[in-house]
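Each remark here refers to the structure printed beneath this line.
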Amino acid sequence: MTEPIRIGIVGAGRIVRAEHVPRFRAIEGVELVGVANRSPESSRRAADELGLERAFPHWRGLVGDPGVDAVLVGAWPVLHAPVSIAALDAGKHVLTEARMAATAEEARAMVRAARAHPDRVAMVVPASFSLWADATIARLVHAGAIGRVRHVQVTWDASGPADPADFWRWRRATSGENVMSLGILAEAMARWLGQPEAVSALTRLDAALRPGPDGPIEADVPDHVLALAEYPDDVTAVIEMSARTNAHTADRVAIHGTDASLVVDLAARRIDRLPGRGGTPEPVAIRDEDRADWTAEIDFVAAIRGERSVTLTDFATGLGYMAFLEAVQRSAASGCRVLVEGAAPRAQRLP
């Protein structure tokens, strides 16, 4: 019989409730044993609502409890590093939500903690929006299907209706260096192109007030980013992510090679190959074995059980996109080109 894995939860927000809890409960031999939320009262409410036996008044009590084998960190990014490091030091396995940490320096500390405890699984929930396409894009790029890649253009529309529950995304005090969905976009692009090596960026903040659960909150996270990123092999990428586009801009990636271009429509889940200098677009068939979906919980449990190692996303890979976000912030503040530090090795690109 499989030995049970007892998981404690720190932070019981929307994604934890909608995704992680039901997915963990669907895995045989996994027990969700308790939760720590922002206060003793909210912890008790969360435990009752999720049907959990234990409500921990503080997250430190949860990570130190001998009845907990692994910790799911679903709190705001500012807590990801302290909770993850304390859990690893207490001998727990860790799965932390995307937006690995508040800052790249905190992500580096998380990597050091993971390396100090190599017998513990340390994993970040992978960027999932492109999993359906990642293997196909990487295969075509590295097989030379469009010739030598020279340039990439990305547009990302973040101007949809604001959810008051997402107020923390617009405050540095809770979100840190994370800007909109720029980190998960950078994570996906690294799967295709390798880790970016340098960036020149401009950021702007227009709407200073955002909806919050108890009324408007003052935002200080940019709502508009323009970045020119430099990738290995002399590849450049122009990234525009904006909440100023009135929902009229498609989430789209165009990868331009010497012979042709790949155009990825992320919303429609469609890839076309466009021959160079005109010609009819050719739909790209995605092989069944190349399609992937959200399996973070399954992968985490499998790694704990020694069935396979973590590939998407270990802490070193998460540091890669946190280092990119750090470079974007420094470039925007200084007006200068900034090298990306602490990059994940190029070998972590998908084959």
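Observations on the structure shown:
- Screening the stretch 69-164 for strands (runs of 3 or more DSSP E) wholly inside it with 2 or more residues that are surrounded by fewer than 24 Cβ atoms within 10 Å (Cβ to Cβ) returns the ranges 149-157.
- In the stretch 201-246, of all residues being polar (S, T, N, Q) and more than 19 Å from Ala188 (Cβ to Cβ), the one that is surrounded by the most Cβ atoms within 10 Å (Cβ to Cβ) corresponds to Thr203.
- Exclusive hit being hydrophobic (A, V, I, L, M, F, W, C) and touching a residue at least 40 places away in the same chain (Cβ under 8 Å), set Ala190, Ala208: Ala190
- Residue in the stretch 100-108 that is assigned by TED's automatic domain parsing to the domain that holds Arg305, touching a residue at least 60 places away in the same chain (Cβ under 8 Å) and in contact with a strand residue (DSSP E or B) (Cβ under 7 Å, 6 or more places away or on another chain) present: yes
- Apart from one condition, Ala250 fits all of (1) in contact with a Gly (Cβ under 9 Å, 6 or more places away or on another chain); (2) among the small types (Gly, Ala, Ser); (3) at pLDDT below 95; the exception is (1).
- Contact map, the stretch 38-58: first residue at pLDDT below 95, second residue assigned to a helix (DSSP H, G or I), Cβ cut-off under 8 Å, separation 6 or more or different chains; pairs are Glu53/Ala47.
- The set of residues in the stretch 293-310 that are surrounded by 13 or more Cβ atoms within 10 Å (Cβ to Cβ), in contact (Cβ under 8 Å) with a residue 60 or more places away in the chain and in a loop (DSSP other than H, G, I, E, B) comprises Trp294, Arg305, Val310.
- Within the stretch 262-303, the set of residues being in contact with a strand residue (DSSP E or B) (Cβ under 6 Å, 6 or more places away or on another chain), under 19 Å from Val141 (Cβ atoms) and among the hydrophobic types (A, V, I, L, M, F, W, C) comprises Leu262, Val263, Val264, Ile271, Leu274, Val284.
- Asp206 passes every criterion in (1) of a type in the set (Asp, Glu); (2) at pLDDT below 95; (3) farther than 23 Å from Ser334 by Cβ apart from (3).
- Meets criteria (under 27 Å from Trp168 (Cβ atoms), touching a Lys or Arg at 6+ places or on another chain (Cβ under 9 Å) and either at pLDDT 95 or above or surrounded by fewer than 20 Cβ atoms within 10 Å (Cβ to Cβ) (or both)) for Ala198: no
- Scope the stretch 264-292; condition loosely packed, with under 10 Cβ neighbours inside 10 Å and of a type in the set (Val, Ile, Thr); matching residues: Thr280
- Single condition Ala190 does not satisfy, out of (1) under 17 Å from Ala138 (Cβ atoms); (2) touching a Lys or Arg at 6+ places or on another chain (Cβ under 9 Å); (3) surrounded by fewer than 17 Cβ atoms within 10 Å (Cβ to Cβ); (4) not basic (Lys, Arg): (3)
- For the stretch 315-351, filtering for residues that are in contact with a Leu (Cβ under 9 Å, 6 or more places away or on another chain) and modelled with pLDDT of 95 or more leaves 9.
The values are calculated or read from the model by the stated rules, or taken from the named source; none is laboratory data. The structure presented is a predicted model; accordingly, all values stated were derived computationally and were not measured. Quick reminder, even Gly has a Cβ in these numbers, built from the backbone with ideal geometry, and neighbours come from all protein chains shown.
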